[in-house]
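One structure is given here, and the rest of the page talks about it.
The values are calculated or read from the model by the stated rules, or taken from the named source; none is laboratory data. The structure displayed is predicted, hence computed values, not measured ones. Note that each Cβ is placed from the backbone with ideal geometry, even for glycine, and that neighbours are counted across all protein chains shown. Protein only, heavy atoms only, side chains kept; ligands, DNA and RNA dropped before computing areas. Shrake-Rupley method; radii C 1.70, N 1.55, O 1.52, S 1.80 Å.
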2 protein chains.
Amino acid sequence: MFTLPQKESKAPTTCPGPASTQDLDSNHGDGLERECSRKPDWKLPEFCGVGDPTATASSDSSHLSSRGSIIKWFWDSAEEGYRTYHMDEYDEDKNPSGIINMGTSENKLCFDLLSRRLSQSDMLRVEPSLLQYPDWRGHLFLREEVARFLSFYCKSPAPLKPENVVVLNGCASLFSALATVLCEVGEAFLIPAPYYGAITQHVYLYGGVRLVCVYLDSEGVKVKGLILINPQNPLGDIYSPGELRDYLEFAKRHKLHVMVDEVYMLSVFEKSAGYHSVLSLEGLPDPQRTHVMWATSKDFGMSGLRFGTLYTENRDVATAVASLCRYHGLSGLVQYQMAQLLRDRDWINQVYLPENHARLKAAHTYVAGELRALGIPFLGRGAGFFIWVDLRKYLPEATFKEEMLLWRRFLDNKVLLSCGKAFQCKEPGWFRLVFSDKAHRLCLGMQRVRQVLEGKSQVPDDPASCQSQESGNQRSGGETPPAVL
Amino acid sequence: MFTLPQKESKAPTTCPGPASTQDLDSNHGDGLERECSRKPDWKLPEFCGVGDPTATASSDSSHLSSRGSIIKWFWDSAEEGYRTYHMDEYDEDKNPSGIINMGTSENKLCFDLLSRRLSQSDMLRVEPSLLQYPDWRGHLFLREEVARFLSFYCKSPAPLKPENVVVLNGCASLFSALATVLCEVGEAFLIPAPYYGAITQHVYLYGGVRLVCVYLDSEGVKVKGLILINPQNPLGDIYSPGELRDYLEFAKRHKLHVMVDEVYMLSVFEKSAGYHSVLSLEGLPDPQRTHVMWATSKDFGMSGLRFGTLYTENRDVATAVASLCRYHGLSGLVQYQMAQLLRDRDWINQVYLPENHARLKAAHTYVAGELRALGIPFLGRGAGFFIWVDLRKYLPEATFKEEMLLWRRFLDNKVLLSCGKAFQCKEPGWFRLVFSDKAHRLCLGMQRVRQVLEGKSQVPDDPASCQSQESGNQRSGGETPPAVL
């Protein structure tokens with residue numbers, strides 16, 4: 001580990017020191033991906049910053065501890081966008097002028113396939129051992145299945161071992177547990193920015209651990225680890241084996257733990273993108289400090305199922321995480337279902353993955369075509385559920401206030417996006433646009449985006465041009481370029 | 001809240017100050033109820049005590065933080081009894097000389113009823129909303145069902161409200177979340193002792209909160225709340241409405257939060273015991289500081305299902321807990337199942353509860369009869385799954401070392417019990433004996449207990465006297481007295 005030097009005079013304006021409320025203000029994305037829903041005039045005068053849980057938070061309630069107030073603040077500050085969305089959710093029949101959600105990174109393209117598979121009779125098995133206290137690391141039958149699954153899909157050089165697997169209710173919990181067992185309060189992980197903003201909360205709320213963007217402008221904080229998200233969120237970037245190895249070697253030199261979050265590993269829909277899991281590498285530089293995370297939330301479009309897993313060769317880390325797993329446990333019945341799902345390779349390989357990739361690609365192609373028609377630069381990497389969109393030219397001034405105003409114009413025009421600030425982006429004007437949704441909703445969403453950008457905001461009445469037909473996805477027809485920008 | 005005075009010279013030997021390793025040593029019971037499995041010669045020389053997570057723990061690993069080492073220590077120290085049990089679990093056919101578990105508080109009497117109900121086709125419903133990110137407080141349909149369920153079974157004077165319900169994966173998580181949002185690190189809750197030892201970990205591992213036994217011998221620690229378990233664990237005591245009100249008024253005078261854990265509320269199998277939920281009281285003294293916990297782990301014999309719920313009128317506390325619920329979430333599919341179960345009043349009232357209570361009563365009657373035949377005093381209150389047994393006369397000396405040796409003699413003779421130290425009992429020689437198991441296993445377990453106490457330890461070869469027949473439960477035939485001691 002190492003301690004970052006005191007920051008120099010010119011800290012980037014977009015990544016303020018941790019003592020700034022601005023810093024927090026941009027970090028309310030979470031499992032719900034409530035990004036970019038902060039109130040610009042929100043005040044938390046006595047808040048002393050992420051990384052110091054003993055800070056005295058201003059509280060409107062005498063019933064919570066100071067950290068309780070901070071925890072509640074994260075919830076409240078995320079409410080605007082998400083609550084607005086949930087009070088006025090688009091529904092083709094019941095609420096056609098409701099809000100289209102292009103902000104939350106969920107894959108809504110394959111519920112038909114998933115419902116069919118999960119409704120099969122083999123999914124409902126009730127036996128006493130599933131109803132009793134589990135092994136908190138996860139039932140052995142599931143850990144065995146996870147090890148086989150990851151060995152195959154991560155292309156590991158040797159079979160992965162069930163004893164290195166710890167199963168829990170999602171990667172948010174895993175970030176929380178790892179931060180707690182690896183760091184003292186106030187220590188930090190490095191993370192390449194822009195990054196999935198929810199991680200800020202995951203490592204902070206229980207663990208009191210902060211994140212340091214890799215542009216390294218923070219003050220005297222002891223760095224304990226590095227977080228890599230591969231494929232990256234929000235950029236969609238895929239690390240090459242060489243890049244991965246560089247990161248791992250760097251981490252080893254500095255005795256840093258590396259947490260590799262691979263929740264989008266099976267959502268690479270462009271074969272040419274050439275994804276490599278860190279578990280495919282021959283000879284990890286520092287296996288005792290390399291911890292891999294995967295979940296079904298993204299790759300199997302089931303964020304509500306709450307299944308995630310850790311793979312680490314470090315037995316102490318696995319045990320310490322397991323010790324916290326009594327707070328992150330998942331039902332024995334769900335463990336059984338997940339084992340059934342993961343072992344059904346025929347369905348995964350012949351039904352789910354090909355269809356899912358085809359649908360992701362079609363949806364991406366459609367949105368990319370729309371963006372191109374609007375003359376909007378973007379990153380689209382052939383992986384993940386989102387496109388990183390450059391709307392800088394639509395800001396009258398290059399400020400986050402203007403970015404926020406644009407975000408709100410989108411919301412007022414009934415389309416929810418995520419703004420760059422929620423990902424700690426340095427430059428105002430970037431947005432993440434989620435495309436993994438049905439053609440009909442995508443079409444409407446893109447119309448509403450276009451209206452805002454062309455200064456003609458008004459909610460369309462579900463126009464005939466957005467028919468509820470899957471063919472709508474295919475309209476631009478062409479191949480997706482790996483990147484426009 | 002108030003600050004306890006510095007302790008007087010004569011602290012009870014059995015409830016040492018928090019800086020003692022002895023204190024920790026006795027607190028490794030957990031969700032797995034790994035009570036009484038410590039190694040007596042275990043050393044953790046630099047451990048600075050529960051309540052101070054910045055303490056430097058002795059660690060055999062340079063990869064964990066100091067709190068990570070403490071967290072791992074809780075796991076490791078719990079291993080002896082539980083690991084021994086799991087490596088040699090009794091099975092009527094496959095391992096008849098394996099260990100009988102009379103230590104873990106699980107109800108194993110009704111798996112047949114539960115399996116039948118949970119296997120019905122209405123339990124497997126897969127729809128998109130269940131697979132997407134949930135409302136972290138719990139799906140509304142489930143919170144509505146919980147509110148109706150608690151209104152009915154707690155006999156609330158007015159209908160309880162869904163907006164006061166937060167659903168999560170078990171009461172262990174709820175203790176963890178409440179400790180974190182109500183207390184600063186190092187603050188404390190009061191708890192009447194002896195108490196269910198696992199709570200020590202639940203409030204400490206993430207929250208850094210300690211427990212203070214009500215004999216009030218701890219040092220200068222700020223007390224923020226009071227924990228009541230009703231029916232009590234391990235005593236089986238039931239608080240009368242008057243006692244409950246006294247506790248609540250006391251708490252109000254001192255501005256203490258009260259967490260009322262009612263996980264055994266439907267496991268009162270003696271009608272004469274007259275149970276009253278705190279939610280049945282007209283006009284709670286301090287509703288903003290009264291937080292009620294319930295789960296299906298005990299009352300529905302499903303500790304592996306991971307379903308628990310908070311009921312509080314304090315909106316700030318509910319929100320702050322909800323904010324942590326992303327780390328304690330349960331699958332949408334399980335939420336659906338739980339709603340189905342809780343709304344099936346016909347099954348609950350006409351099938352499950354009467355049968356469950358009859359079986360609990362028969363099992364209790366049998367074990368109570370055996371204890372009486374042995375001349376062993378005990379508490380058996382007609383509620384819960386356990387009997388609090390006085391084995392003081394079997395200790396050559398009144399020390400916890402002797403208690404430990406007796407516990408190990410039981411384990412060596414293939415029966416796992418929980419010793420009083422794991423519950424912070426002041427006097428050595430008390431044991432908790434779980435009776436909620438099938439007649440055949442109870443009979444064998446009691447034989448092994450008897451052998452140890454009569455100095456004739458040897459594992460029986462599944463003697464004919466313990467036939468695998470439910471009628472075995474009935475052999476002592478008589479009524480259970482509410483209490484012998």
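Miscellaneous remarks
- Label-to-label distance, A:Asp91 versus A:Ser272, with points set 7 angstrom from Cα along the beta-carbon direction: 4.3 nm.
- Considering only Cα atoms, the convex hull volume of region B:231-332 works out to 126 Å³ per residue.
- Summed residue charge, Cβ within 15 Å of A:Leu281's Cβ, Lys/Arg positive, Asp/Glu negative: -3
- For the chain pair A and B, the buried solvent-accessible surface (1.4 Å probe, both sides summed) amounts to about 7300 Å².
- Based on protein heavy atoms only, region B:123-347 ends up with 26 Å² per residue of surface accessible to a 1.4 Å probe.
- Percent of beta bridges antiparallel (DSSP, region B:123-347, rounded to nearest 5): 35 percent
- Copies compared at B:Asp112 - label distances in nm, ascending, label defined 7 Å from Cα in the Cβ direction: 4.5
- Shortest-first distances to equivalent copies, position A:Pro354, nm, label 7 Å out along Cβ: 5.6
- Comparing B:Ala251, B:Pro128, B:Val223 along the charge dipole axis of region B:123-347, the residue lying farthest to the positive side is B:Pro128, per the Cβ-charge model.
- Residue mean of other protein chain beta carbons inside 10 Å, A:332-343: 3
- Partner chain coverage, peptide B:72-78 - average Cβ within 10 angstrom: 5
- Stretched out straight at 0.36 nm per residue, the stretch from A:Arg392 to A:Arg315 would grow longer than its current Cα-Cα span by 23.0 nm.
- Ratio of Rg to Rh over region B:306-383 (Cα coordinates, Kirkwood Rh, two decimals): 1.18
- Within region A:83-183, the GluC sites (Glu not before Pro) that combine a DSSP coil assignment with at most 16 other C-beta atoms in a 10 angstrom radius are A:Glu92.
- Cα centroid separation, region B:253-320 to region A:170-197 (Å): 33 Å
- Prolate/oblate/rounded call for region B:127-182, Cα gyration tensor, a/c under 1.5 rounded: oblate
- Peptides B:172-181, A:184-193 ranked from most to least packed give B:172-181, A:184-193, packing being the mean of other C-beta atoms within 10 angstrom over each peptide's residues.
- For the pair A:Phe152 and A:Lys456, the difference between a 0.36 nm per residue extended length and the Cα-Cα distance amounts to 104.4 nm.
- Counting 0.36 nm for each residue step from B:Glu427 to B:Leu374 and taking away their Cα separation leaves a gain of 17.0 nm.
- Solvent-accessible surface (1.4 Å probe) assigned to B:Lys72 amounts to roughly 20 Å².
- Shown here: region B:85-229, whose C-alpha atoms stretch 56, 49, 33 Å along the first, second and third principal axes, sorted largest to smallest.
- DSSP-loop trypsin sites (Lys or Arg not before Pro) across region A:139-231, with at most 16 other Cβ within 10 angstrom: A:Lys155
- Here the Debye sum runs over all C-alpha atoms of region B:123-347 as equal scatterers in vacuum, and log10 of I(q)/I(0) at q = 0.07, 0.12, 0.14, 0.17 Å⁻¹ comes out as -0.20, -0.61, -0.85, -1.27.
- Inter-copy label distances at B:Pro241, using a point 7 Å along Cα-to-Cβ, come to 7.4 nm with the shortest given first.
- Label positions at A:Glu243 and A:Lys161, each projected 7 Å from the Cα along the C-beta direction, are separated by 3.2 nm.
- Here the spin labels are modelled as points 7 Å beyond Cα on the Cα-Cβ line, and at B:Glu282 and B:Asn349 they lie 2.4 nm apart.
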